[in-house]
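Heads up, the thing below is written out as structure tokens.
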Amino acid sequence: MSKAILKFIRLSPLKARMVAREVQGMNAEFALASLEFMPNKAARIISKVIASAVANGGYEPEEVVISSCRIDQGPVLKRFRPRARGSASGIRKPTSHVFVEVSKAAKKED
């Protein structure tokens, strides 16, 4: 089993979790192929972390399964936007931590 971690990425955790749920439990090769055609920013980022986890273990993508793909909330960058009559409203810019674990797939016996 090998893992890869990407921290403090400027991406909303809620939006990233939708993509992470799709690839959890998939074959790594199939997950990388399906993430390539997703239009989300999170898909490109998670794809890179999966590729890193596969390379960290010295595996080939077709021989491993994504055992865990977890998105945790990071710190929030707080900014403000000037509004009418001298007031201001807040802007929250969330960050995420991406954790991916891959493990060797069980051999199918025919």
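Quick note: the coordinates plus some simple rules give every number you see, no bench work behind them. Everything quoted here is computed from the prediction, not taken from an experiment. Cβ sites come from the backbone with ideal geometry, for glycine too, and all protein chains shown count toward neighbours.
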222 nm [θ] for the chain, helices only, -39500 (n - 2.57) per DSSP H run of 4+, per residue, to 500?
-10500 deg cm²/dmol
Highest to lowest packing among 16-28, 42-54, scored as the average C-beta count within 10 Å:
42-54, 16-28
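Give, rounded to the nearest 20 debye, the magnitude of the charge dipole that the chain has about its Cα centre when Lys and Arg contribute +1 at Cβ and Asp and Glu contribute -1 at Cβ. If you can, show how the numbers build up before the last one.
Details: 20 positive and 10 negative charges, 290 e Å.
For the chain, the charge dipole is close to 1400 debye.
Quick check on the range 2-104: take the gyration tensor over C-alpha atoms, sort the square-rooted eigenvalues as a ≥ b ≥ c, and tell me if it's rounded (a/c under 1.5), prolate or oblate. Before the final figure, lay out the partial values.
Numbers: a/c = 3.68, a/b = 2.65, b/c = 1.39.
Prolate, because a/c is 1.5 or more and a/b exceeds b/c.
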Please report the relative contact order for the range 2-104, taking Cα pairs under 8 Å with a sequence separation of at least 6, and give it as a percent rounded to a whole number.
42
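Taking 0.36 nm per residue of separation and subtracting the Cα-Cα distance, what length does fully extending residue 10 through residue 70 add?
Numbers: separation 60, 0.36 × 60 = 21.60 nm, distance 1.57 nm.
That works out to 20.0 nm of additional length.
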In the chain, lysine pairs closer than 16 Å at Cα, eight or more apart or cross-chain
10
Evaluate the distance, in nm, between pseudo-label points positioned 7 Å from the Cα of residue 60 and of residue 81 along their respective Cα→Cβ axes.
5.1
